[in-house]
Amino acid sequence: MSSGKKLRDLLKSPGIMIIPGVYDCLGAKLVEKLGFNVVATSGFGIAASTLGLPDYGFLSVTEMLYSVGRIAKSVSIPLIADMDTGYGNVLNVIRTVQDAVQLGLAGIILEDQEWPKKCGHFEGKRVIPMKEHVGKIQAAFQARGDSSLVIIARTDARAPLGLEEAMRRGRAYVEAGADVLFVEAPQSVEELQTIASNFGDVPLVANIVEGGKTPSLSASELEKLGFKIVFFPLTALLAVTKVMTACLSQLKEQGTTANFHELISFQDFQELMDVPKYLQLEQQFGMGKGV
């Protein structure tokens, strides 16, 4: 079964889907090991980890596809990739979608920001005309062909144009062929309720960024409102940054990590990376035995 078909089956199943965001293969493997059914890539995290830059549209389509392709290959659960604006006009979107299908992605997110885009919870966002993004969604729908790639249409219109315009765009994107709707950065519980009440027949995304614009409701609270997917795109990135800062600070100050207790054991990390499997393969094929 393709990853897209797996994702579509999960969208039809009961309950909300809790989907952590990751920025590398290690994070994806941890998400899979801990029992999540789906993983998503964070453009914010990939920009920070690979370029050391903020989510301001610095990543090229080549860099993004290279990163998400490796991540998708590292796990067996479906992966949803943040593909920003599709990296150009409708022709660029077609190429991006075709590449996404070849890489085995389960779903992609396409947003209606102007390029270069920004993180959905930053100030100063601007959006393209609704008609232009409708064309992109239609192009993506056509370009996926007979694959099961899930198209998630995201609108960032709430900040610059208001909630009503964001919902108007959402309806148009669903009519254009989007499978899932993602209204980015509603700013209150009441706005979340309004979105859910207006799109009862469409799978909806809530995006929880700790410290961001949207209230940090739990998955169960969002499910009661009517949301099908909740992304936690930056949670792992923020957690890792805090722990790494504490670890490196102790090393700098004390010259040792002997008293730092937040490290996974070396043995457990080897297990996560399947070292025993590769040792067995070495022995099976006679590596390391000399002449």
Would you call Arg168 farther than 26 Å from Leu234 by Cα, without any contact (Cβ under 8 Å) to a residue 40 or more places away in the chain and surrounded by fewer than 22 Cβ atoms within 10 Å (Cβ to Cβ)?
yes
Do you know which residues across region 90-120 are surrounded by 23 or more Cβ atoms within 10 Å (Cβ to Cβ), modelled with pLDDT of 95 or more and assigned to a loop (DSSP other than H, G, I, E, B)?
Leu105, Ala106, Asp112
Can Ala196 be described as in a helix (DSSP H, G or I), over 30 Å from Ile152 (Cα atoms), in contact (Cβ under 8 Å) with a residue 12 or more places away in the chain and of a type in the set (Gly, Ala, Ser)?
no
Test for Phe58: is it open to solvent by 60 Å² or more (accessible area, probe 1.4 Å) and closer than 20 Å to Ile208 by Cα
no
Scan region 121-134 residue by residue and report those that are without any contact (Cβ under 8 Å) to a residue 60 or more places away in the chain and either assigned to a loop (DSSP other than H, G, I, E, B) or open to solvent by 20 Å² or more (accessible area, probe 1.4 Å) (or both).
Glu123, Gly124, Lys125, Arg126, Val127, Ile128, Pro129, Met130, Lys131, Glu132, Val134
State whether one or more residues within region 226-236 are farther than 19 Å from Phe182 by Cβ and open to solvent by 50 Å² or more (accessible area, probe 1.4 Å).
no
Restricting to region 253-291, and then to whatever is more than 34 Å from the chain's Cα centre (by Cα) and either basic (Lys, Arg) or modelled with pLDDT of 95 or more (or both), can you tell me which residue is surrounded by the most Cβ atoms within 10 Å (Cβ to Cβ)?
Gln254
Take region 71-89 and flag every residue that is assigned to a helix (DSSP H, G or I) and either surrounded by 19 or more Cβ atoms within 10 Å (Cβ to Cβ) or without any contact (Cβ under 8 Å) to a residue 24 or more places away in the chain (or both).
Ile71, Ala72
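The values are calculated or read from the model by the stated rules, or taken from the named source; none is laboratory data. Not measured: the values here are computed from a predicted model. Ideal geometry is used to build each Cβ from the backbone, glycine not excepted, and the neighbour counts take in all protein chains shown. Each accessible area value is taken on the protein alone, full model and side chains, heavy atoms only, with ligands, DNA and RNA left out. Shrake-Rupley method; radii C 1.70, N 1.55, O 1.52, S 1.80 Å.
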